[in-house]
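Down below is the structure, laid out as structure tokens.
The values are calculated or read from the model by the stated rules, or taken from the named source; none is laboratory data. All values derive from a computational prediction rather than experimental measurement. No Cβ is skipped: glycine too gets one built from the backbone with ideal geometry, and neighbour counts run over all protein chains shown. Remember, those area values only see protein heavy atoms, side chains included, never the ligands or the DNA or RNA. Shrake-Rupley method; radii C 1.70, N 1.55, O 1.52, S 1.80 Å.
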Amino acid sequence: MLQEYIYKNNQKMRLGYTTGSCAAGAAKAAAKMLLTGRPVPYVELMTPKGIGLNLEVLDIRISGEAASCAVRKDAGDDPDVTDGLKVYAEVCKTEDTGIHIDGGKGVGRVTREGLEQPVGNAAINAVPRTMIREGVKEICRSLGYEGGISVMISVPGGEELAKKTFNPRLGIEGGISILGTSGIVEPMSEAALVETIRTEIRMQQALGHRYLILAPGNYGLDFLKEYDPKLLKRCVKYSNFLGEAIDAAVEYGFLGILLVGHIGKLVKLAGGIMNTHSRNADARMEILTAHAAVLGAGRDTAEALMACVTTDEALEVLKASGLFEDVMCRLMERMEFYVNHRSGGACSCAVLTFSQKHGILGRTAAVEEMVSHLKEEE
């Protein structure tokens with residue numbers, strides 16, 4: 001059990017570790033057992049977050065051809081549906097070199113375009129794949145093995161559990177996804193998260209700032225690094241709680257808000273959705289389809305939009321139909337309307353949205369003026 005904690009809203013909350021960390025730990029332990037022929041009761045794993053794990057290795061099986069074991073998921077104090085699941089890794093030697101990773105029973109498989117992994121791949125995301133690969137490589141180097149290794153990740157019970165997630169809707173079939181960008185699960189209640197956002201906005205006020213940048217997450221921060229790195233320190237990450245962030249900006253007397261976000265989040269704003277978490281509301285394709293229909297989209301285009309999994313995929317449909325620019329113009333107008341409606345006109349608001357694939361997609365009229373105010377305050 002990981003004994004690392006964070007304090008949120010005066011509550012001591014225990015951290016956990018992701019399914020990606022479980023898969024990487026199990027693969028590393030299995031590789032060592034395969035190459036040494038000896039059981040490994042615990043395996044050490046360094047997560048991308050820089051927190052080291054000492055994971056108990058369960059259900060050990062060693063034969064001449066393969067080794068397998070499991071690591072149990074521990075979500076800490078986070079209410080994670082995968083908490084307690086065993087994530088298994090089975091490894092064997094291969095004739096060709098390199099580390100080959102795939103998913104078995106209980107691990108979902110991608111069936112639709114637009115997700116992180118290509119169609120046909122196991123739903124093991126990029127960071128967990130890297131963790132698995134590097135952990136196995138570390139063992140191979142330490143034991144002088146230069147051949148190839150095949151790694152099969154499986155999660156008994158994953159297929160049934162996946163029905164409680166958005167995987168079937170996203171086109172991931174047959175199980176759960178192996179996820180995690182930091183390797184660590186950080187529990188946080190909604191009330192604690194909102195209070196953290198309010199605190200960061202209040203800190204911007206204390207520094208004498210009267211103009212504020214809001215971004216939903218890391219995509220927005222990465223965009224700002226390219227757009228203008230100097231703006232990063234003026235940005236508060238609001239997660240899914242846009243409405244509460246705007247409320248706080250008004251409460252603390254800010255004169256202007258620049259909202260910068262990926263279209264996958266901000267398209268929901270065009271429908272007046274102020275909490276953008278998928279469990280509360282999605283409606284991305286419904287909103288895009290409605291605006292396209294108003295602009296004359298035919299039934300085939302509407303059906304194609306509704307069948308899309310990601311907004312990038314939907315943007316391709318809009319471009320093919322010749323409606324892209326007009327739809328984005330309407331979306332920006334609605335985003336601006338709803339931000340101003342939430343703020344009650346107490347401050348100026350501007351919106352800039354983008355996608356990683358297509359770059360800047362739209363901006364409201366006041367964006368450049370807002371950027372100028374932000375720079376002047378520096």
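Normalised by the number of residues in the chain, the mean separation of alpha-carbon contacts (under 8 Å, six or more apart) gives a relative contact order of 14 percent. Rolling a 1.4 Å probe over the protein heavy atoms of the chain, with every protein chain left in place, gives an accessible area that is 49 percent carbon and sulfur.
Remark: relative contact order (segment 49-147) = 17 percent; criterion is Cα-Cα distance under 8 angstrom and separation of 6 or more residues. Springs join every pair of Cα atoms under 10 Å in this Gaussian network model of the chain, and among K319, K28, K105 the largest mean-square fluctuation is at K319. When +1 charges are put on Lys and Arg Cβ atoms and -1 charges on Asp and Glu Cβ atoms, the dipole computed for segment 71-110 relative to its Cα centre reaches about 200 debye. Which one of S68, T97, G296 has its Cα pushed farthest toward the positive end of the charge dipole of the chain, where Lys and Arg give +1 and Asp and Glu give -1 at the Cβ? Towards the positive end, the residue furthest out is S68. Dipole size of the chain about its Cα centre, with +1 on Lys/Arg Cβ and -1 on Asp/Glu Cβ: approximately 520 debye, rounded to the nearest 20. For the pair M306 and R210, what calculated FRET efficiency results from E = 1/(1 + (r/R0)^6), where r is the Cβ-Cβ distance and R0 = 41 Å, to the nearest 0.05? The pair R210/M306 has a calculated efficiency of 0.45.
In plain terms, the C-alpha convex hull of segment 253-348 casts an average shadow of 6.3 nm² when viewed from every direction. Rounded to the nearest 5, the antiparallel percentage of DSSP beta bridges internal to segment 91-234 is 45%. Rounded to the nearest 20, the Cβ-based charge dipole of segment 252-364 about its Cα centre (Lys and Arg +1, Asp and Glu -1) stands at 360 debye.
3J(HN,Hα) along segment 85-97: 5, 8, 9, 9, 10, 10, 10, 8, 6, 10, 6, 8, 7 Hz, from the Karplus curve 6.51 cos²θ - 1.76 cosθ + 1.60 with θ = phi - 60°, whole Hz, x for Gly and Pro.
What residue among C235, G271, G16 has its Cα farthest toward the positive end of the dipole of the chain, where the charges are +1 on Lys, Arg and -1 on Asp, Glu, each on the Cβ? Farthest towards the positive pole: G16. Stokes-Einstein diffusion for segment 227-304 at 10 °C, viscosity 1.306 mPa s, with a Kirkwood radius from C-alpha pairs, works out to 109 µm²/s.
Our summary gives segment 239-378 a relative contact order of 32 percent, counting only alpha carbon pairs under 8 angstrom and 6 or more residues apart. Rounded to the nearest 0.05, the FRET efficiency derived from the C-beta distance between T130 and V81 at R0 = 22 Å is 0.35. The residues of segment 1-92 expose on average 48 square angstrom of accessible surface per residue, using a 1.4 Å probe on protein heavy atoms. Using bins of 5 Å that start at zero, the share of Cα-Cα pairs per bin across segment 1-149 amounts to 2, 10, 18, 21, 20, 14, 9, 5, 2, 1, 0, in whole %. When each of the peptides 230-236, 67-73, 214-220 is scored by the mean number of other C-beta atoms lying within 10 Å of its residues, the order from highest to lowest reads 67-73, 214-220, 230-236.
Remark: for residue pairs K105/K163; K28/K163; K49/K73; K93/K137; K105/K137, the C-alpha separation exceeds 19 Å in K28/K163; K105/K137.
Put +1 on the Cβ of each Lys and Arg and -1 on the Cβ of each Asp and Glu in the chain; which of V317, T196, I213 then has its Cα farthest toward the positive end of the dipole? Result: T196.
Counted over the chain, the DSSP beta bridges are approximately 65% antiparallel. You can think of it this way: the chain between R202 and T181 has 4.7 nm of extra reach, that is 0.36 nm per residue less the Cα-Cα gap. By the Kirkwood approach, averaging reciprocal distances over each pair of separate Cα atoms, segment 115-240 gets a hydrodynamic radius of 18.5 Å.
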